[in-house]
Amino acid sequence: MWRSSASFILDKHLNNKPISITHSIDSPPPPSASMADENPNPNPISAYYETRAAHHGIVTSEWLEQAQAAVQRYPDRENSVSPVSGSPFSVIEEFNSWRQQPDLAEAVAAIRALAAVIRASEATTMMELEIELKKASDTLKAWDTTSISLTAGCDLFMRYVTRTSALEFEDFNSAKSRVLGRAEKFGEISCKARRVIAILSQDFIFDGCTILVHGFSRVVFEILKTSAQNKKLFRVLCTEGRPDKTGVLLAKELAKLDIPVKLLIDSAVAYSMDEVDMVFVGADGVVESGGIINMMGTYQIALVAHSMNKPVYVAAESYKFARLYPLDQKDLEPALRPNDFNVPVPPKVEVERSARDYTPPQYLTLLFTDLGVLTPSVVSDELIQLYL
Amino acid sequence: MESRRNPRAVVDPKVRQVGFFTSSQPDSSSTQQQQQQTDPIPASASSPPVSTISPSGNSLSPVMIPPPRLNSSDTFPLRGAAAGASSAVSPSSFSYSNRRDFPDGSTTASPGRHSRGSFVKSSTPVASSLPGIGMDSMAAAKSSSVPASGLTTVSVATMPPGLAEKASGMEVQSDQKKNSKPLKEKTTKAERRAIQEAQRAAKAAAKADGGKVPPGTSASVASTSVKVAKPAKPSTQKNEVSVAAGVTEKKGGPSEKDRKKDAPHPRMQYDDESRVVKAKRRAVVKQTEAKNRVELFRHLPQYEHGTQLPDLETKFFQLDPMHPAVYKVGLQYLSGDISGGNARCIAMLQAFQEVVKDYSTPPEKNLNRDMTAKISSYVSFLIECRPLSISMGNAIRFVKNRIAKLPITLSESEAKAALQSDIERFINDKIIGADMVIVKHAVTKIRDGDVLLTYGSPTAVEMILLHAHELKKKFRVLVVDSRPKLEGQLLLRRLIKRGISCTYTHINAISYIMHEVTKVFLGASSVLSNGTVYSRVGTACVAMVASAFRVPVLVCCEAYKFHERVQLDSICSNELGDPNAISKVHGREDINYLDGLTNNANLQFLNLMYDATPSDYISMIITDYGMVPPTSVPVIVREYQKEHLLV
């Protein structure tokens, strides 16, 4: 799967022009007091969506620049700093410290954290190391069961790292360094993924098109930004993205890039669908059927687009591919989040608090991933090849 | 070849026509066509009524060439064996009816037990009642040169068709040795050489102890087929045919290759008559062809059930190279005692294990080659008993592959042990183990409060339901069933015994009942690489209704049943069941509307066994490789077959 990664496109692209903002920030920012260890019991509120909300609260370009500038001061920290061997090493802590980086996807943070586990490991045999890694990944997964990309990222990492000839090395240290190398490479690929997707998607955005987006997906944002940088002329319709108003945020960011943008309320999707040329959505997870799990509202947008014969494009990094197969909307681990309606909810009234829905593959046109542009049915192909 | 095809073109104008028009007018265009091909025959000779008048009309004709034809009367001689066995017909048919009752009364998973007992009982008298035939044929087998000579001489003799018929009938009814001896005397030089060749070949074959029909039987079949051809032809043609037959016979002596070549292909087109006849000549099981078949399905074999069993039982003595375990399994297929994809496959593999155990390489033979040939001959026997399922085809491919890949350095005992353990492993990993994994996956999809619908009696689904019940999940089961097999009742019985709350209905009520269903679990005979699910007939209907009601359809199928073939409909590959099963309602004597109409040319019965469900109606396929969408079947096939070769 990773072997066939389309990241070579990125490499080629990099030679041509420098990218203004690099996404691989190689060092964790110092743990802050505010980000205290969360309770490993995230229910009833999904930690994943809390983090997303927190990030969206702060992800503005100014903030990013500041953060980047702050990080640039310690460019080589990662190599020198290994977790202090005396203190007990915690994956969760490591993961959380990585996670605070607003532009780092949760899965990548997990991958980084697991790589740190390998580094910190005092195991003396490969088996021990593997067991340790497995334990760490299980802890991570248990920490937030609602996050699909976290689970998928951990699983993929485990496959990628352990499925290697390194295990046949006689010398443990060389094997370990090999595994570590793979881990680093995996993290790197994951970091590049967004750029690759942005470049792959450029062929699909034509001048004068109108794009409907839903929610704040960092990949979609990257795509739109790249298109704008490529001097493409297009218009964006942003849904509002209740309840956390992520659409408003995206609209704000796009407006800064001088992209014409229009904000809709979520219920106006069907109304404005006939002026839309394509729909772009991100994904929290891509499941085995080729469908996606994404922010609430994606399914209905896909339905509307499908009925009006508009293409629905999904932008998702391949570490979001999960071995899940929901049959219907209810066949998922519920990810809840608080939902205030800005008005007091009358007593005896139930509130739907689910944060995400499942869009079946037949409503999706194409998936833009770092493995290339895929039809939904190929997702399962990739997953089978990886896991079997 | 051509000369052989000619008379068959004369065959059956009637049924072919009936498939399309309902007019009862006896064909004009088709006969004309045929007349062009075989002009010497008067139209009256080719008229279909012959077959109904002929003694084989009353369902005893053992020949399975498609329906009403001129030849059927001529093939009468073949009845020798069948007629001899006719005394045994009644006991065996009793055992059938026993079995039919049986599902209701049975409590265990294997309905075979009961009836097998009765079957054995009936079989002994048959065997004892017919010592003559067995002996005769043995004798015929010993003097294998005889049939060849009989063959040639018969063809040389020019007789008017009517006479020939009579003569040949008499010949066969009297035993074969006698019929061929007097004719032996007037052989020409070339014929004598042919005889010699055949003798030599027969000796070689006997030495090889190869798994094929003794030359005697095959030769006799061949000779009758020539006789069949004869009356329809002018004498010049006859000679050619006889020579050709003699030649094939000559070649057929050492016949491993021949046997393999002629073995009915799993997907043989039964409306390709030359092929059918070829296959027939080799056939061990003489199935009775149903007469009126639906036009679209004429390429499939359709048999009348219930007449072959005694015939086969008597044959047991002629088939010395057939391993008893294989023979037993074949008979069980034939009688329907073993049904269900997994059960059939396991039975076959276990029989092969026995074969391997009792195998010893003949001198100057290679184990790999000889065993493969042997397995092939057994397989063709099994195909004659009942068409192979795709899963069995895959299993056979596995076995043959294993045999071929045996290192040459292994000693015989080592090789045998390796093979046996390979087969054992296949059974355990690919079938039983796969079911466990499927159950594990599928149970995750069952939630409290579910209403699960299943159709028929798929074993995997049954295991899933029982396991989910053990896990204390609260769900209800809707068992949908259909005539004539009513397999659902067996499932129902077992589910209720475990205390699962069930509803039982027939497929007619499917659209009414579907609205309360939350998930549909189906089994499959095979999954093809375009995602089409090939399963018990009715499955497609259930899946379509479910998808119309937006109910997810989950198909449970072990990966060894996947096949890279693509199939778009259920016509080109299917199996036809006993037409009587749908014309009669068992236990309801008052429903007799079709009595006496079974041989009516205007009435055709279509008892399909399988149908193809398009992948659009399937939400998920649960295999031992996890839960996959129907679109990824090719991926599994690819990966699996890679592994398949490596295993």
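The values are calculated or read from the model by the stated rules, or taken from the named source; none is laboratory data. Just so we're clear, the structure is a prediction, and the values are computed from it rather than from any experiment. So basically every Cβ, Gly included, is an ideal-geometry build from the backbone, and we count neighbours across all protein chains shown. Ligands, DNA and RNA are stripped out before the accessible areas are found, and what is left, the full protein with its side chains, is counted by its heavy atoms. Shrake-Rupley method; radii C 1.70, N 1.55, O 1.52, S 1.80 Å.
Any residue at all in region B:479-488 that's of a type in the set (K, R) and closer than 20 Å to B:V439 by Cα?
Of all residues in region B:479-488, those of a type in the set (K, R) come to B:483, B:485.
The next check asks that each one be closer than 20 Å to B:V439 by Cα; those that pass are none.
There is no residue in region B:479-488 that is of a type in the set (K, R) and closer than 20 Å to B:V439 by Cα.
State the number of residues belonging to region A:260-319 that are over 20 Å from A:E333 (Cα atoms) and within 14 Å of chain B (Cβ to nearest Cβ).
Of the residues in that region, 1 qualify.
Considering only region B:474-482, I want to know if a residue exists there that is open to solvent by less than 30 Å² (accessible area, probe 1.4 Å), in contact with a Leu (Cβ under 7 Å, 6 or more places away or on another chain), under 23 Å from B:N574 (Cβ atoms) and touching a residue at least 12 places away in the same chain (Cβ under 8 Å).
Yes - at least one qualifying residue is present in region B:474-482.
Which members of region A:310-334 meet the condition of being among the acidic types (D, E) and under 10 Å from A:S149 (Cα atoms)? Steps first, please.
Taking region A:310-334 and keeping what is among the acidic types (D, E), we get A:317, A:328, A:331, A:333.
Within region A:310-334, A:E317 is the sole residue that qualifies.
Taking region A:361-388 as the region of interest, how many residues are at the interface with chain B (Cβ under 9 Å from one of its Cβ atoms) and in contact with a Lys or Arg (Cβ under 8 Å, 6 or more places away or on another chain)?
Adding up the residues that qualify gives 2.
List the number of the failed condition for B:Q332; all other conditions in (1) open to solvent by 10 Å² or more (accessible area, probe 1.4 Å); (2) within 22 Å of B:A418 (Cβ to Cβ); (3) part of a helix (DSSP H, G or I) hold.
(2)
Determine, yes or no, whether B:T361 is open to solvent by 10 Å² or more (accessible area, probe 1.4 Å), in a helix (DSSP H, G or I) and of a type in the set (S, T, Y).
On the way: open to solvent by 10 Å² or more (accessible area, probe 1.4 Å): yes; in a helix (DSSP H, G or I): no; of a type in the set (S, T, Y): yes.
So B:T361 fails the test.
Okay, residues lined up against (1) over 20 Å from B:T539 (Cβ atoms); (2) in contact with a strand residue (DSSP E or B) (Cβ under 9 Å, 6 or more places away or on another chain):
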| residue | (1), (2) |
| --- | --- |
| B:V443 | yes, no |
| B:R447 | yes, yes |
| B:L453 | no, yes |
| B:G499 | yes, no |
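Taking region A:300-312 as the region of interest, how many residues are surrounded by fewer than 21 Cβ atoms within 10 Å (Cβ to Cβ) and more than 14 Å from A:Y271 (Cβ to Cβ)?
Residues meeting the conditions: 4.
Pairs only if they're at least six apart or on different chains, beta carbon under 6 angstrom, first in region B:545-567 and within 12 Å of chain A (Cβ to nearest Cβ), second among the polar types (S, T, N, Q); list them, first residue then second.
What qualifies is B:P552/B:S619; B:V553/B:S619; B:A559/B:T623.
Check B:E589 against each of (1) charged (D, E, K, R); (2) modelled with pLDDT under 90; (3) within 29 Å of the chain's Cα centre (by Cα) and name the one condition it does not meet.
The single condition B:E589 does not satisfy is (3).
Anything in region B:504-523 that is within 14 Å of chain A (Cβ to nearest Cβ) and under 15 Å from B:G449 (Cα atoms)? List them, or say none.
Matches in region B:504-523: B:V517, B:T518, B:K519, B:V520.
When you look at B:A601, is it of a type in the set (G, A, S), out of contact with any Asp or Glu (no Cβ under 7 Å at 6 or more places or on another chain) and open to solvent by 10 Å² or more (accessible area, probe 1.4 Å), yes or no? Let's see the steps before the verdict.
On the way: of a type in the set (G, A, S): yes; out of contact with any Asp or Glu (no Cβ under 7 Å at 6 or more places or on another chain): yes; open to solvent by 10 Å² or more (accessible area, probe 1.4 Å): yes.
Yes.
Count, please, the residues in region A:239-262 that happen to be surrounded by fewer than 18 Cβ atoms within 10 Å (Cβ to Cβ), touching a strand residue (DSSP E or B) at 6+ places or on another chain (Cβ under 7 Å) and of a type in the set (A, V, I, L, M, F, W, C).
Matching residues across region A:239-262 total 2.
Grab the helices (runs of 4 or more DSSP H) fully contained in region B:388-490, keeping just those with 2 or more residues being in contact with a Cys (Cβ under 9 Å, 6 or more places away or on another chain) and more than 14 Å from chain A (Cβ to nearest Cβ).
Numbers: elements: B:390-404, B:412-425, B:434-443, B:459-470.
Result: B:390-404, B:434-443, B:459-470.
Name the residue that is modelled with the lowest pLDDT, counting only residues in region A:120-150 that are open to solvent by 40 Å² or more (accessible area, probe 1.4 Å) and closer than 12 Å to A:A110 by Cα. Don't jump to the end; show me each part of the working.
Step one: filter region A:120-150 for residues open to solvent by 40 Å² or more (accessible area, probe 1.4 Å), giving A:122, A:124-125, A:127-128, A:130-132, A:134-135, A:138-139, A:141-142, A:145.
So of that shortlist, the ones also closer than 12 Å to A:A110 by Cα come out as A:138-139, A:141.
Values: A:D138: 86, A:T139: 85, A:K141: 82.
Filtering first and then ranking leaves A:K141.
Scanning region B:608-630 for residues that are touching a Pro at 6+ places or on another chain (Cβ under 8 Å) and open to solvent by 20 Å² or more (accessible area, probe 1.4 Å), which turns out farthest from the other protein chains (Cβ to nearest Cβ)?
As a first pass, look at region B:608-630 and keep what is touching a Pro at 6+ places or on another chain (Cβ under 8 Å): B:615, B:618-621, B:629.
Filter once more, keeping what is open to solvent by 20 Å² or more (accessible area, probe 1.4 Å): B:615, B:619.
Values: B:S615: 10, B:S619: 6 Å.
Ranking the candidates gives B:S615 first.
Consider B:P321 against the criteria (1) in contact with a Lys or Arg (Cβ under 9 Å, 6 or more places away or on another chain); (2) open to solvent by 40 Å² or more (accessible area, probe 1.4 Å): it satisfies all of them except one. Which criterion is unmet?
With (1) in contact with a Lys or Arg (Cβ under 9 Å, 6 or more places away or on another chain); (2) open to solvent by 40 Å² or more (accessible area, probe 1.4 Å) applied to B:P321, the lone miss is (2).
Look at A:D381 and say whether it is open to solvent by 20 Å² or more (accessible area, probe 1.4 Å) and touching a Leu at 6+ places or on another chain (Cβ under 9 Å). Break it down into steps so the answer makes sense when it comes.
Details: open to solvent by 20 Å² or more (accessible area, probe 1.4 Å): yes; touching a Leu at 6+ places or on another chain (Cβ under 9 Å): yes.
Here the answer is yes, as A:D381 does meet what is asked.
Might you let me know whether region A:347-357 holds any residue that is surrounded by fewer than 18 Cβ atoms within 10 Å (Cβ to Cβ), hydroxyl-bearing (S, T, Y), under 24 Å from B:M620 (Cα atoms) and more than 14 Å from every other protein chain (Cβ to nearest Cβ)?
no
One residue is enough: does region A:186-199 have a residue meeting the conditions at pLDDT below 85 and of a type in the set (A, V, I, L, M)?
Looking through region A:186-199, at least one residue is at pLDDT below 85 and of a type in the set (A, V, I, L, M).
State whether one or more residues within region B:580-592 are among the hydroxyl-bearing types (S, T, Y) and open to solvent by 40 Å² or more (accessible area, probe 1.4 Å).
Filtering region B:580-592 for residues among the hydroxyl-bearing types (S, T, Y) gives B:583.
Next, only the ones that are open to solvent by 40 Å² or more (accessible area, probe 1.4 Å) stay: none.
No, region B:580-592 contains no residue that is among the hydroxyl-bearing types (S, T, Y) and open to solvent by 40 Å² or more (accessible area, probe 1.4 Å).
Check region A:324-343 and report whether any residue there is away from chain B (no Cβ under 12 Å), under 19 Å from the mean Cα position of the chain (by Cα) and among the β-branched types (V, I, T). Write out each step before concluding.
If we filter region A:324-343 for residues that are away from chain B (no Cβ under 12 Å), which is where we start, we get A:334-343.
Right, trim to under 19 Å from the mean Cα position of the chain (by Cα) and you get A:334-337.
Cutting the leftovers down to among the β-branched types (V, I, T) gives us none.
No: region A:324-343 contains no residue that is away from chain B (no Cβ under 12 Å), under 19 Å from the mean Cα position of the chain (by Cα) and among the β-branched types (V, I, T).
So B:S529 ticks every box in (1) away from chain A (no Cβ under 14 Å); (2) in contact with a Pro (Cβ under 9 Å, 6 or more places away or on another chain); (3) surrounded by fewer than 22 Cβ atoms within 10 Å (Cβ to Cβ) but one. Which box is left unticked?
Here B:S529 meets the rest and fails (1).
For region B:500-526, how many residues meet the condition of being open to solvent by 40 Å² or more (accessible area, probe 1.4 Å), free of Cβ contacts under 8 Å to residues at least 60 places away in the same chain and among the hydroxyl-bearing types (S, T, Y)?
Matching residues across region B:500-526 total 5.
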